[in-house]
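The values are calculated or read from the model by the stated rules, or taken from the named source; none is laboratory data. Because the structure is predicted, anything quoted here is derived from the model rather than measured. Glycine also receives a Cβ, built like all others from the backbone with ideal geometry; neighbour counts cover every protein chain displayed. Ligands, DNA and RNA are excluded from the accessible area calculation, which covers all protein heavy atoms including side chains. Shrake-Rupley method; radii C 1.70, N 1.55, O 1.52, S 1.80 Å.
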Amino acid sequence: MAPARSKTSRLHVAVIGAGAAGLVAARELRRENHSVVVFERNTQVGGLWVYTPDSEPDPLSLDPNRTIVHSSVYDSLRTNLPRECMGYRDFPFVPRPEDDESRDPRRYPSHREVLAYLEDFARKFKLEEMVRFETEVVLVELEEKKWRIQFRNSVGISGDEIFDAVVVSNGHYTEPRVAYVPGIDSWPGKQVHSHNYRVPDPFNDQVVVVIGNFASGSDISRDITRVAKEVHIASRSNPSETYEKLPGSNNLWLHSMIESAHEDGSIVFKNDNCVGPLYKHVFLPALAPGLSFIGLPWMTLQFFMFELQSKWVAAVLSGQVSLPSEEKMMEDVTAFYAKRDANGIPKRYTHKLGGSQVEYLNWIAEQIDAPLLEQWRAEEVEGGYRRLATQSDTFRDKWDDDHLIVEAYEDFLRQKLISVLPSSGK
């Protein structure tokens, strides 16, 4: 655990976003006795998990003046990982049919069940009383060691307020990363980013190319095969000679990545998708601890990570845990970037955890004297990603780790987080 200061502080803290990261950040900050205001531009909690059939008028989401739709959730979306490893540590994501018979008890439930879980979480811990709904943050600026936030509500009324610290928890799925394909401007076809995908109907009887074959790319491809004439997946992870029909479908092919709209080859991304320099993906050394970010890393246990990061930020702000000096934090960031570059990892993967997630999560846990990542949880996420990669069409309904489900629920019972074992659901 990092060295702590003896005196605790009570700060006025702004949290931007009331999604999965913002909600748990608000809870942990309040647990440390901070005064918390959560700014949320939507009418409800849930962030990207609030599904809407609406999509943005610009199908590629490139127009800076477009009307922004926050959610990237499509109608058929189900989780990519088993529910028991996804939830916050002290509020498991278990089936709760006693609350609502329409709830989804499957191990890989729909996006509607995730939203219901977040609503349960907000209700359980009385978090909505801290949220200013339909209020968008338009500017955050440092002013005499404080933070001025300018905001605007849904009827156009603007205001500003001074805070001691700001926690940015608005996620990284609203602004899409768009692939640059040479010659695309002269290509006559229709272009749509997955952020604006909702249902497959517009692609009826069409030949469709989907760029990317992980998570949403794989899901959307198979969703579209139900109505499209052909679907071709172009993926950077495939060798240049790749051209094969995927099993279980008569109209789905896998290819190497696209070089241009008219010729074969590679792809170049315009957006590096990197925020920094950040110490451990959370604190900006020059402005720490007043400005922090919750939820930037990806390919990890998102809700679990949000909770650990939030506990760390809350403890640092209250003075219970200390950060290294600005110089030491920058040395750490510089070393991290140097290792990334030496290993040939593209800048856009700066916040990708993947195989390093256990080390990262346990490091944060040690800073706040919290329990380390449970072995069953680590094994579930590892197995979940393996099945996603090897059996993308069946991984949500067929698995080989029932023993880990038993371990998880026994753990929940032991901690008195649930009172009975729920019935198994697929």
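Can you name the residue in segment 400-414 that is farther than 10 Å from residue 380 by Cα and among the aliphatic types (A, V, I, L, M) and, of all such residues, is least open to solvent (accessible area, probe 1.4 Å)? Taking the candidates together, the pick is 413.
Among the criteria (1) buried (at least 17 other Cβ atoms within 10 Å of the Cβ); (2) modelled with pLDDT of 90 or more; (3) assigned to a loop (DSSP other than H, G, I, E, B), the one residue 371 does not fulfil is (1).
Going by the conditions given, is residue 32 acidic (Asp, Glu), open to solvent by 10 Å² or more (accessible area, probe 1.4 Å) and more than 18 Å from the chain's Cα centre (by Cα)? Yes; evaluated as a whole, the condition is true for this residue.
Taking (1) closer than 20 Å to residue 47 by Cβ; (2) in contact with a strand residue (DSSP E or B) (Cβ under 7 Å, 6 or more places away or on another chain) in turn, residue 311 satisfies each apart from (2). If I ask for residues that are open to solvent by 70 Å² or more (accessible area, probe 1.4 Å) and in a helix (DSSP H, G or I), which ones from segment 105-129 would you list? Once the filter is applied, which keeps residues that are open to solvent by 70 Å² or more (accessible area, probe 1.4 Å) and in a helix (DSSP H, G or I), segment 105-129 yields 112, 123, 124, 128, 129. When 188, 176, 182 are checked against the criterion of being at pLDDT below 80, more than 21 Å from residue 48 (Cβ to Cβ) and either assigned to a helix (DSSP H, G or I) or open to solvent by less than 80 Å² (accessible area, probe 1.4 Å) (or both), 182 stands alone in meeting it. Among the residues of segment 21-44, is any farther than 30 Å from residue 107 by Cα, at pLDDT below 95 and either in contact with a helix residue (DSSP H, G or I) (Cβ under 7 Å, 6 or more places away or on another chain) or in a loop (DSSP other than H, G, I, E, B) (or both)? Scanning segment 21-44, I find at least one residue that is farther than 30 Å from residue 107 by Cα, at pLDDT below 95 and either in contact with a helix residue (DSSP H, G or I) (Cβ under 7 Å, 6 or more places away or on another chain) or in a loop (DSSP other than H, G, I, E, B) (or both), so the answer is yes. For segment 341-351, the count of residues that are exposed (fewer than 15 other Cβ atoms within 10 Å of the Cβ), in a helix (DSSP H, G or I), out of contact with any His (no Cβ under 9 Å at 6 or more places or on another chain) and without any contact (Cβ under 8 Å) to a residue 12 or more places away in the chain is nonzero.
Hey, any hits in segment 223-240 for a residue that's open to solvent by 90 Å² or more (accessible area, probe 1.4 Å) and modelled with pLDDT of 70 or more? So far as segment 223-240 goes, yes, one or more of its residues are open to solvent by 90 Å² or more (accessible area, probe 1.4 Å) and modelled with pLDDT of 70 or more. With respect to residue 387, determine if the residue is in contact with a Lys or Arg (Cβ under 6 Å, 6 or more places away or on another chain), crowded, with 16+ Cβ neighbours inside 10 Å and in contact (Cβ under 8 Å) with a residue 12 or more places away in the chain. Criteria not met by residue 387.
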